[in-house]
1. Using amide H atoms built in the peptide plane, which far-off residues or other-chain residues are under 5 Å from Asn330 H to H?
2. Once you have the Cα-Cα distance between Lys150 and Glu348, take 0.36 nm times their residue separation minus that, and quote the gain in nm to one decimal.
3. Might you report the magnitude of the Cβ-based charge dipole of the range 132-237 about its Cα centre, with Lys and Arg at +1 and Asp and Glu at -1, to the nearest 20 debye?
4. Please give the Cα centre distance for the range 197-249 versus the range 378-407, rounded to the nearest Å.
5. Note down the relative contact order for the range 311-393 as a percent, whole number, built from C-alpha pairs under 8 angstrom at least six residues apart.
6. What distance in nm separates the two pseudo spin-label positions at Val423 and Arg90, each 7 Å out from Cα along the beta-carbon direction?
7. Projecting each Cα onto the charge dipole of the range 366-567 (Lys/Arg +1, Asp/Glu -1 at the beta carbon, about the Cα centre), which of Thr481, Thr561, Leu452 comes out farthest on the positive side?
8. Show me 171-178, 318-325 ranked by packing, highest mean number of other Cβ atoms within 10 Å first.
Amino acid sequence: MSEKPSSDVPFASHDEKIVHHPEPGKTEAEFVDATTRRASIALNIVENPLQRVSREAAVADARAFAESRGMPEHADLFGRAALVARDPTRFESLGSELSDTEMHSLIYEREHKWNGPVMLWYSIGLCAIGAATQGWDQTGSNGANLSFPKEFGIDGKGKDEWIVGVINAIIFLTAGLIGAFIVDPLNKYLGRRGEIFLTACCLTATPIGSGFAKSWQGLFAARFVMGIGIGAKNATVPIYSAEMAPHRIRGALVMFWQLWVVIGIFCGFCANVIVKDVPRIAWRLQLGSAFIPSFILMCGIFFCPESPRWLMKHGHYAKGFRSMNRLRANPIIAARDYYYSYIIYEEELKVAIGSNYFTRLRDCFTVPRIRRANYGASTVMIAQQMCGINIISFYSSSIFTNVGYTDTQALYASLGYGAVQVVFTIPTLFLIDTKGRRTLCLITFPLMCIFLLAAGLSLLNHSGGRGGQIGPVVLFVYLFTIAYSLGEGPVAFQYSAEVFPTIQREQGMAWAVCINNTFAGILSLTFPRMRTVMTPTGAFGFYAGLNLIAWFMIFAFVRETKQLTLEELDQVFSVPTKTFLGYELKVWLPYFIKRHIFFRKIEKPAPIIEKGERAADPIVA
């Protein structure tokens, strides 16, 4: 994406006439002056490719697309949809070119952003339920850590701590190093739905196998295979959801993934409490119960449509439109979204001819636009582990017993931790597409650092009553969890699933999942020993420091993606890193300090990325 001189009006070819429509309450002169000034100071404009051609050419191209792709009966529909996609904010100017039903549907969509057919909600909701498997297993092993080491005679120090750590960690190591990288062939031959069904089968069988393990080696083997399924599922389900969701609420809908991860965590803690009094086999039930959400996913995925963008990518254009039609409230909305995706996809194909799995993976590190997206996705994924949330998810029961709780009290305290995550993830459904992914992370990481450090220091208090010793630890752990749930928790997988181009989406997401799960495995492996060597306070302080490092990484590499289509993000990441950092340091940071620290009422600077229709809002006559 090139920067435009201040005198240029974005998106118009030289022979096209630009007609500006004043905003309510503004004269034409005032509107032109405001929009010209905004266009002149915005550093980069997100361009709508359909505005490069005339209205007549856009309609003709759309009709030709429908007729040549096995959809001649929809030629007129795609012609009208191209006009809507060409200027989506002012479709009302098309007047009689749209039917009353189409016009009403577009207006209703604009005014009710949560509107959508049942199939859209069912498909994304079902896939989100599948995310509960990982959360459920994390907390199942959390409670099982209190008893399975004794069962297998590995409850000592030193070597035994490493064995317990590797049993907990192996699902994340195999998820990151194996499962994430088999996503591309599985998606190629089975499709998104088929891959999700296969991994759901795996994640139904392996928790049950864990519950029947006769030795720590058998438990290790079951969790080894489980990790492969988790990695493959984690890399596909967010992509599947992102490709189905409308861009205006994509963050909220895809965030159902994180909501159900934390619901799975809560359900796992519930299961831990329910079976705590079952003699000898409590840990088996705690581990085995994680099959429940995967079984639901396995049965329900048959009723979901395939991803429209996957079908398009594999040449099934008519099937792709039928799938999109099931996911949108009206055919005009489906045709608009589908045809716009096709236009961008064709642009991507021009530079991806002859590519294969390995060249597409290489592109994630060598092509500047994709590399910048990879920086952002890798940053939010590794930051999720750097923040230290999983030392709580994996070992909260052990942490609470070490400060004086009984096993039963520790399970109930952990249940409270799970409930806090669920409750405070819900508000982010409404914040992620308004405040934005980057903003939420920048606000919450300093808070997580403070609360985690306070929790660690509270462990040093050995005076006073028992409640006075334990209460502050639990309080600060809960406050840390609230901050995490409002920021990094929902953002990581959401952000990674949306930033890569269609061509490299599987490889990019595979790498992001590899980063996330590998470092989760390292954390799970090292914390039992770290807690002994560094003391719990030292371990908490270590992760508190990592929160600050993660904040600087997010500031440098994570770009805002809220309310942009998957295709428009291609231009967001075309801005060079040097330009982006220069804007953040020289424009955004001084404004933030003056406005929010010194409370000076100053004008908000123009963003580095601006959507075309908001910058100058041209309409070609």
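1. none
2. Values: separation 198, 0.36 × 198 = 71.28 nm, distance 5.58 nm.
Extra length from Lys150 to Glu348 when fully extended: 65.7 nm.
3. Numbers: 9 positive and 7 negative charges, 41 e Å.
Using Cβ point charges on Lys, Arg, Asp and Glu, the range 132-237 gives about 200 debye.
4. The range 197-249 and the range 378-407 have Cα centres spaced 21 Å from each other.
5. On the way: 23 pairs, mean separation 10.0, N = 83.
Across the range 311-393, relative contact order equals 12 percent.
6. 4.8
7. Thr561
8. On the way: 171-178: 24.4, 318-325: 21.2.
The packing order, highest mean first, is 171-178, 318-325.
The values are calculated or read from the model by the stated rules, or taken from the named source; none is laboratory data. Nothing here was measured: the structure is a model prediction, and the numbers come from that model. Cβ sites come from the backbone with ideal geometry, for glycine too, and all protein chains shown count toward neighbours. These accessible areas exclude ligands, DNA and RNA; they are computed on the full protein's heavy atoms, side chains included. Shrake-Rupley method; radii C 1.70, N 1.55, O 1.52, S 1.80 Å.
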